[in-house]
Amino acid sequence: MRIIFIGGGNMAEAIFSKLNDKDIVVVQRNLEKLGKLKAKYPHIKFITALDFTTNPDDIVFLSIKPYDAETACEEIAQYTKNSTIVSIVSGITCYTLSNWLINHKICRTMPNTPASLGLGATAIYFTSAITQQQIILDIFNKLGKVYSFDDEDKINQMTAVAGSSPAYVFYFIESLIASAVNQFGLSPKLAKDITLQVVKGSLSMIESNSSMTIEQLRSNVTSKKGTTEQAIKVFEQYNFNDIINKAETACYNRAKELAQLFGSQNATGNEKV
């Protein structure tokens with residue numbers, strides 16, 4: 001069994017870098033990127049184009065941008081008809097990929113960038129034609145936690161909840177740092193150091209106090225008529241929760257729009273393939 005990656009970008013690298021015991025082939029067209037990957041992973045075979053027929057027990061990962069996906073699938077379809085396809089392409093449904101690849105064995109996933117540290121959250125949907133579920137699950141388990149769904153639209157939802165959400169967290173941390181610099185005159189380095197320590201400490205408190213809800217932990221910091229309460233009141237005044245809801249809904253809707261843009265008959269997924 002070989003594991004073949006169409007595309008050698010950051011997410012693909014996060015996966016194949018943890019598969020040292022596997023026979024891996026990576027297709028990477030960008031010659032500069034190809035050279036760097038070859039130097040970094042001498043045990044992996046890198047090529048610029050797929051030019052051989054894959055075997056039925058091979059697993060092919062699609063790790064390409066949505067707008068490049070159709071062309072890439074058309075180029076490899078003649079070689080991958082009998083292999084299992086694992087897509088980490090955002091927004092494109094199994095139905096569409098099946099049509100492009102002339103292949104019903106499609107698995108759709110949505111990992112996130114902390115997977116590169118083994119701390120990822122990956123959503124997976126298998127079509128009924130897949131027979132290598134456990135092998136695929138084992139691969140993603142190396143990247144963090146895995147959540148399997150029997151409704152393909154959950155992959156779109158998980159794009160908003162997990163796939164894109166590290167960016168929300170980074171954005172909030174950026175704002176905390178910027179406020180410390182602009183409002184209180186801290187140096188950017190000191191503001192970053194303090195903010196990251198607060199984030200690390202807060203996460204550790206959540207993980208170390210499993211019997212307590214996050215709301216309870218927040219309440220413990222928020223004394224009546226105290227300083228923290230005033231900050232929370234500002235968040236409430238500007239509907240912080242509603243902002244998060246709208247942001248995640250916008251992300252989810254964009255995933256469905258991508259599905260429609262790329263020709264899916266049913267943007268929510270669950271197509272018969």
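Values computed for the structure shown
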{"read-out": "Principal-axis tilt of helix 188-208 within the chain, Cα atoms, nearest 10 degrees", "value": "80"}
{"read-out": "Karplus-derived HN-Hα couplings along the stretch 27-36 (A = 6.51, B = -1.76, C = 1.60, θ = phi - 60°), whole Hz, x at Gly and Pro", "value": "9, 9, 7, 5, 5, 5, 5, 4, x, 5"}
{"read-out": "On Cα atoms only, tilt of 66-80 relative to the major axis of the chain in degrees", "value": "30"}
{"read-out": "Residue-averaged [θ]222 nm for the chain, counting only DSSP H segments that reach four residues, each worth -39500 (n - 2.57)", "value": "-15500 deg cm²/dmol"}
{"read-out": "Per-selection Rg to Rh, the stretch 158-198 - Cα, Kirkwood hydrodynamic radius", "value": "1.13"}
{"read-out": "Dipole moment magnitude, nearest 20 debye, the stretch 144-202 about Cα centre, only Lys, Arg, Asp, Glu C-beta charged", "value": "440"}
{"read-out": "Amide hydrogen neighbours beyond the local backbone of residue 120, cut-off 5 Å, H modeled", "value": "115, 144, 145"}
{"read-out": "Cut-off under 5 Å, modelled amide H: who pairs with residue 86 long-range", "value": "60, 61, 62, 107"}
{"read-out": "Backbone HN-Hα couplings from phi across the stretch 107-119 [Karplus 6.51/-1.76/1.60, Hz, Gly and Pro as x]", "value": "10, 10, 10, 9, x, 10, 5, x, 4, 5, 9, x, 10"}
{"read-out": "DSSP bridge pairs, the chain: antiparallel proportion in percent, nearest 5", "value": "15"}
{"read-out": "Sulfur and carbon atoms: percent of accessible area, the chain [1.4 Å]", "value": "54"}
{"read-out": "Per residue accessible area in Å² of the chain, where ligands, DNA and RNA are left out and the probe is 1.4 Å", "value": "56"}
{"read-out": "Charged-residue dipole, Cβ positions (Lys, Arg, Asp, Glu), the stretch 1-143 about Cα centre, Debye nearest 20", "value": "320"}
{"read-out": "From phi via Karplus (6.51, -1.76, 1.60), per-residue ³J(HN,Hα) for the stretch 149-166 in Hz, x at Gly/Pro", "value": "10, 9, 10, 5, 4, 4, 5, 4, 5, 5, 4, 6, 7, 10, x, 9, 5, x"}
{"read-out": "Computed magnitude of the charge dipole of the chain (debye, nearest 20; Cβ of K, R +1, Cβ of D, E -1)", "value": "680"}
{"read-out": "For the stretch 157-262, with +1 on Lys and Arg beta carbons and -1 on Asp and Glu, the positive-most of 216, 226, 201 along the dipole", "value": "226"}
{"read-out": "Amide H partners (placed H, <5 Å) of residue 25, local residues excluded", "value": "3, 4, 5"}
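The values are calculated or read from the model by the stated rules, or taken from the named source; none is laboratory data. This structure is a prediction, so every number in the text was calculated from the model and none was measured. We place every Cβ from the backbone using ideal geometry, glycine too, and count neighbours over all the protein chains shown. Remember, those area values only see protein heavy atoms, side chains included, never the ligands or the DNA or RNA. Shrake-Rupley method; radii C 1.70, N 1.55, O 1.52, S 1.80 Å.
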